[in-house]
Structures are given as C-alpha cells and as structure tokens.
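Q: The structure that follows is given in the form of structure tokens.
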Ligand SMILES: [Zn+2]
C-alpha cells in the first residue's frame, strides 16, 4: 500500500514536471486599441484591415501604411471602429 502511494506520488511528480516542460510560454498580447485578435488568435490591425504578426505590431504601428490610414480617418470614424469601452450619454 505504501509502495503504491509512493509510486503514485512519483508518477504525479513526473507528470507535473512534464506538463510544466511542455506548457506554452504565456504570450505577450498586443493591447493597442487598434489591434484586435480574431477567432484564430491572429492579430489584425482594425484600421488597415491587415494581419500583423504578434511581434510585428510595434513595427506596423509606425509604418507608413498604418500612419497614412490613421491620419485619413476622422476621429468619429475611428471611434466607430474602436470597441465601445466607455458609455457616452
Ligand atoms: Zn494598421
């Protein structure tokens, strides 16, 4: 009985270690208001309507394409694109 418990404990320990080893690293998610993840987890720019690599957002946000599109958008158009975060009376 004691042997079984010890064996079980050993297996659990081993399982924990293996789980920890294969667990994916927590991804740094882009939190920019203009960035949006689709159902597949693909990062998209909502104003350029283009897919952007997670680690490429910084570069995209200063690209000529992005700055051109954002400068052409009026503030009200931009507000329509953004998800409502604050209720306005
Ligand atoms: Zn963009």
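The values are calculated or read from the model by the stated rules, or taken from the named source; none is laboratory data. Not measured: the values here are computed from a predicted model. Cβ coordinates were reconstructed from backbone atoms using ideal geometry, including for glycine residues, and neighbour counts include every protein chain displayed.
Q: Go through region 62-89 and give me each residue that's modelled with pLDDT of 95 or more and surrounded by 14 or more Cβ atoms within 10 Å (Cβ to Cβ).
A: 63, 66
Q: Taking region 42-61, which residues are in a loop (DSSP other than H, G, I, E, B) and either in contact (Cβ under 8 Å) with a residue 60 or more places away in the chain or more than 10 Å from the ligand (Cβ to nearest atom) (or both)?
A: Residues satisfying the conditions are 42, 53.
Q: Residue 32 fails exactly one of the following numbered conditions: (1) outside any loop (DSSP other than H, G, I, E, B); (2) at pLDDT 85 or above. What is the number of that condition?
A: Here residue 32 meets the rest and fails (1).
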